[in-house]
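Inspection log for the structure reproduced underneath, given as structure tokens.
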Amino acid sequence: MSAVATETAFYAYGVVASGQRAAVPTRAAGAALEVVEAGPVAAVASVVSLDEFGEEPLRENLNDRDWLERHARAHEDVLLAVAASADVVPFRFGTISRTADDLRALLRDREHALVAALERVRGKIELGVKVWVDEARLRRALAPPAAEAASATGRGYLEARRAAQREAADAETFCADLVREVYERVAAHAAAAVVNRPQPRELTGRAERMILNAALLVESDATAVRDEVDVLAERLRGFGVTLEVTGPWPAHNFVDGADDEA
Amino acid sequence: MESHHPALRSEVTLVELVDRVLNKGVVVTGDITLSVADVDLVYVGLRLLLASAGTLDRFANEAVAA
């Protein structure tokens, strides 16, 4: 940390249009919220202590699992509370300015991109769409009702091996086609859509494999997507495939590029 | 908690949270922020998740027990 010993700083959660500043709650997730306005955009922020959020302490706190989880949840909860009554462009975790003037300068520097991002998310919410597959069930569902009883010797063994390889390949093809179809069908109801890397099993803790991890930007009445997912889920139930819709979320996935402005 | 979406809260798993709050959103870089702009939050998030998945905990517990 530099020698300038300011006590506090502004932690910015995200940005709303100045015209909606009155809709921002005064408290959320246990934190008092301040609105710092610069022209057409206003940051939703909290005053935080530099003892906790100064560069050195922050680096240490990022290594503290409980601290990080607690503050990541608070970040999200504040955004959700704001999103309940205003359109909000989320900042990534840990956007901190020393003073309100610095924060206003930051907003002015990026005004054009932030206004564009607010325009993009206006009246919309983010949904997550995930597809999970129970691979053993899928293979069983795809396997021909067969001479599985072949012995593990000689020709029977080789045939069984080939059959297993064929089933694995069939399952992969099935999943690839499925992912494409689900994505296309849900994205058709969205203003924008992105595919993120599926979360690995070590992190999800689930027995099924995640094969699609998509995010959609949709009108806040998201029934079209949910209905589409219900139809697909019904059709796929027998294949060990589960579809999941998460959210509504603040539009984390659709504000990227707001900092690209030269 | 004063979230306006109480029903959502229990659904927000840590992996979802990390996927969005640490990995996404507008990234502001430059002199004007103290921020963690030069810290790889994707990596920090991954470490958090691995810790919660029990991988790091196990090592930590073994270290304490030793």
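Put simply, the amide H of B:Thr13, placed in the peptide plane, has no neighbours under 5 Å, leaving out anything fewer than 5 places away on its chain. A crude spin-label estimate for the pair A:Glu135 and A:Ala32, with each label 7 Å from Cα along the Cβ direction, gives 5.4 nm. In plain terms, chain A is cut at each of the GluC sites (Glu not before Pro) found in a DSSP loop with at most 13 other Cβ atoms within 10 Å, and the longest leftover piece is A:8-147. Here chain A is scanned for trypsin sites (Lys or Arg not before Pro) in DSSP loops (not H, G, I, E, B) that have at most 15 other Cβ atoms within 10 Å, and the longest stretch holding none of them is A:1-121. The string of couplings for the range A:240-249 from the Karplus curve (6.51, -1.76, 1.60, θ = phi - 60°) is x, 9, 10, 10, 9, 10, 10, x, x, 10 Hz, one whole number per residue in order, with x for Gly and Pro. Could you tell me which residue out of A:Thr99, A:Ala32, A:Val82 lies farthest along the dipole of chain A toward its positive end? Charges go on the beta carbon: Lys and Arg +1, Asp and Glu -1, centred on the Cα centre. Farthest along the dipole direction, towards plus: A:Val82.
Hey, what did chain A get for relative contact order, percent, Cα under 8 Å, at least 6 apart? Please list the in-between numbers first.
Values: 407 pairs, mean separation 62.5, N = 262.
It rounds to 24 percent for chain A.
Legend: translational diffusion of the range A:125-254 by Stokes-Einstein, Rh = Kirkwood radius over C-alpha pairs, 4 °C, 1.567 mPa s; D = 80 µm²/s. With K and R counted +1 and D and E -1, the other residues having a Cβ less than 14 Å from that of A:Arg185 yield a net charge of -4.
Using a Förster distance of 35 Å, how high is the FRET efficiency between A:Glu7 and A:Arg108, based on the Cβ-Cβ distance and rounded to 0.05? Don't jump to the answer; show the numbers that get you there.
Numbers: r = 25 Å, r/R0 = 0.71.
My answer for the efficiency is 0.90.
Here r is the Cβ-Cβ distance between A:Glu60 and A:Asp256 and R0 is 25 Å; the resulting FRET efficiency, rounded to 0.05, is 0.30.
Taking 0.36 nm per intervening residue step and subtracting the Cα-Cα distance, what contour gain separates A:Ala23 from A:Arg197 on full extension? Present the calculation step by step, with values, prior to reporting the outcome.
On the way: separation 174, 0.36 × 174 = 62.64 nm, distance 3.48 nm.
Going from the current span to full extension adds 59.2 nm.
Computed 3J(HN,Hα) for the range A:212-229, one whole-Hz value per residue from the Karplus formula 6.51 cos²θ - 1.76 cosθ + 1.60 where θ = phi - 60°, is 9, 9, 10, 10, 10, 9, 10, 4, 5, 8, 9, 5, 4, 5, 4, 5, 4, 5, glycine and proline marked x.
Quick one: putting +1 on the C-beta of Lys and Arg, -1 on the C-beta of Asp and Glu, what dipole do you get for the range A:8-122 around its Cα centre, in Debye to the nearest 20?
Working: 13 positive and 18 negative charges, 87 e Å.
Using Cβ point charges on Lys, Arg, Asp and Glu, the range A:8-122 gives about 420 debye.
No lab work stands behind these numbers, since they all come straight from the coordinates. Note that the structure is predicted; figures quoted are calculated from it, not measured. Quick reminder, even Gly has a Cβ in these numbers, built from the backbone with ideal geometry, and neighbours come from all protein chains shown.
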